[in-house]
Amino acid sequence: MVRVCYDKDVKALKLHLKTALLVSAITLAVMVALLVVISARLVDLLRADEIAVTEATAGRLAEHLAYVPSLSDAEQLQNAVGLVRSARLDFVGVRVWKTSDGGFHISWSTTENTAPAQMPSDIAEALRQDQSARLGADRVIETSDSIYRYFVPITREGKVIGAVEISDRLDNLPKLLKRSLGTVSLLAAIAVALISLATYTLFRDLVYRPIEQLLSVIARAKTGQLDVQAPAGKEDELGRLAQEFNSLLSQLHEMTGERERQQEILRERVQQATTQLQQRNEQLAQANQELWHSSRKLTQLERLAAAGQTAAQFAHEVGTPLNLISCHAQLLPAELQTNPDAVRERADIIVAQTERIERIVRQMLDRTRAETAELIPLDLNALIRRISTTTAPALNEKNVSLELALDEQLPPIAGNSDKLQQVFINLINNALDAMPQGGQLTMRTQTDFTGDNATTQVNVYVSDTGHGMTTEVQAHIFDPLYTTKEPGKGSGLGLVVVHQVMAEHGGRVTVESAPQQGARFHLQFPALAHSHTTEAAAVGR
């Protein structure tokens, strides 16, 4: 903190020195300019005054010498000139000229006079023409190297008998400045000192002190003391700056207080939420415990339901071949005498259905093992013809006519004959139940092709003219144990088996139906791209 303040003071002191030197330089320049201007004016005034004094002195000396008997009397001339020099000691020199041979010649001069010995002709001519009435009016002035020479004619009885010359050195501007240099230097030094002192005092009182106070407040605000205030001071720029800074600190203090209040509220809410979450966790743990017990009970119930479903499915699957065996066995005595070939065919059917019952029993015993059906190339047309022959007695008994519309170009599929036989027999049994007063059952096969005549799927349509189904019934026909039949006439597992077998074959089954408009089941199988039709036909048989 001390180091920071010291650096600030050093920087402010440098600014003060710069300001003081700048102001001093400006003041000195102004003083020099004023000295030059004033000195030039003083030189002009002094020269005019010296010229007037010199002219007056020369006039008086000429009047005095006019009464001297002889201008050649050196003693009298020296006495007369001595009187003049006693009054003006700063004269450069005095000369007395007398006329001789039509010209002016030096009669007497001071030793300091360094002027030329010959009088200029224009001046001599001017002196010869001078009159008493014009005494002092016509004067000849010559300035050379700041030496002023003034000539006045000496007249006696209206005749010019000589002349008086006074030479005076006039002060010029450099000389005056040189004489004033000491005074100017002293004044400049005093001015610089006074300006520096005044500048330092003003900066200290008007700038340094408010800035130091403001910096002190800023340093305290950095430590978190936002309730401090800087002295307002005077109503100047720094005073307004302090006021604005105080306003900013007040706003920051209020915002900080508000933030702390919001943080306190947030902490309380977090604490409440944490407490509620703990309660919810306890409730969830209790619910999980109850769910675990319920899951165990549900698992036991599901096992019982699965066992019941297996038993019902077993009864359903076994009941169908038993009914077929019963029908063919009842027809055997009547055909023993009339149609022995038909007896042999019905015996084969009875044997085949007996073997089917055996396979169903074996499958039920192996239900606990995951078994994948073996799929081989299969001819659906051959399988459907064989099923139609097998179910003919049941159809005749129900007064239902079967119509086959088989596509002779139907490609083979990959399937299991026994499982697909369950599918079609279950669909036929559902159709018989839907037509208690008789009707028509249609089984049609069809091949779908892509754009390049490549086989994509094989379709089988099983349609009846029964009482149909509502939309609600259609939504549940593939649910286990769901049935609309009277108790004892259905288990609700036939269409479940159909759906499962189709899924095992990579196909799907859909239904279209409406009340009193029959039903149409659509079975879709993927076709085999490369299969031997003869092998599939053999399997179908």
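Annotations
- Here the extension length gained between E472 and D418 equals 16.3 nm, from 0.36 nm per residue of separation less the Cα-Cα distance.
- Full extension of the chain between Q289 and R259 gives 6.4 nm of extra length, using 0.36 nm per residue less the Cα-Cα distance.
- Ordering of 520-529, 394-403 by packing is 520-529, 394-403, highest average first (other Cβ atoms within 10 Å, averaged per residue).
- Here the gap between T354 and R385, fully extended at 0.36 nm per residue and compared with their Cα-Cα distance, gives a gain of 9.2 nm.
- Here the label points at L187 and A342, each 7 Å from Cα along the C-beta direction, are separated by 15.9 nm in the simple model.
- The distance between label points at E282 and R128 comes to 14.8 nm (points 7 Å beyond Cα on the Cα→Cβ vector).
FYI, it's all coordinate maths here, none of it is from the lab. None of the values given here were measured: they were computed from a predicted structure. Methodologically, a virtual Cβ is constructed for each residue, glycine included, from the backbone with ideal geometry; neighbour enumeration extends over all protein chains shown.
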